[in-house]
1. Give me the distance in nm between label points sitting 7 Å out from Cα along the Cα-to-Cβ direction at residue 37 and residue 163, one decimal.
2. For 20, 141, what's the fewest-to-most ordering of other Cβ within 10 Å of each Cβ?
3. What is the order of 112, 98, fewest Cβ neighbours within 10 Å to most?
4. Let a ≥ b ≥ c be the square roots of the eigenvalues of the Cα gyration tensor of the range 123-184; is it rounded (a/c under 1.5), or, if not, prolate (a/b larger than b/c) or oblate?
5. Filter 71/110; 29/110; 137/162; 110/162 down to the pairs with a C-alpha to C-alpha distance above 30 Å, please.
6. Please work out how much length the chain gains when fully extended from residue 49 to residue 104, using 0.36 nm per residue of separation minus the C-alpha to C-alpha distance, in nm with one decimal.
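What follows is calculated from the coordinates using simple rules that are stated; it is not laboratory data. Since this is a predicted model, take the numbers as computed values, not measurements. As a convention, Cβ positions derive from the backbone with ideal geometry for all residues, glycine included, and neighbour counts pool all protein chains shown.
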Amino acid sequence: MCGWIEVASIIGGNLHDVKTLDQLLADYKNGDVSAFDEFFSRTGNLLERYLFLRLRNQQDAEDATQETYLKIHRAIHRYDPSREGLAWILSIARHVAIDIFRRRQSEHKKMIEHVIATPAKIPNVADLRFELMTVLKDLTTGDVNLLVERLLFDRDFDELAKAYECKQATLRQRLHRLLATLRQS
């Protein structure tokens, strides 16, 4: 029980709400529609923040919150009042987030397959190389390496700070300035 209470406190719930969720779910399971209204008003922000922390995308978190409530509604008959309600709710939300993450991966995979299958739409490599060299010609080798490592290889700033032997804030500022320079080119 302690783990879920910690999750609730991290994402903005409080212990009073955690204790009453069990009763609200039990009442809703027994047909009290007003219990769901109160349950919804108490858990809406909590669920959305929890899902945002998992998905890192506001629109996906909002969609996942709606989907979670639908799943709770459909599964309320399986709710066991002897178990902690918050654990049950967050378990459903976690599975919804996993489903959305898998859908997102599937969409990315389909997009990549589409790009690979339609090479005629991809610009001439020589033209791309010329454009890229024109934009990058004024940058130092270190700046180009920073761009490549952060944007293409998706290395986090902690790794880069260790590799470049400087502070993360310095690298963030440097990358921000490089991107601003590239946008102006």
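1. With each label placed 7 Å out from Cα toward Cβ, I get 5.6 nm.
2. Ordered by Cβ neighbours within 10 Å, fewest first: 141, 20.
3. 112, 98
4. Prolate, since a/c reaches 1.5 and a/b exceeds b/c.
5. 29/110; 110/162
6. Length gained, residue 49 through residue 104: 17.9 nm.
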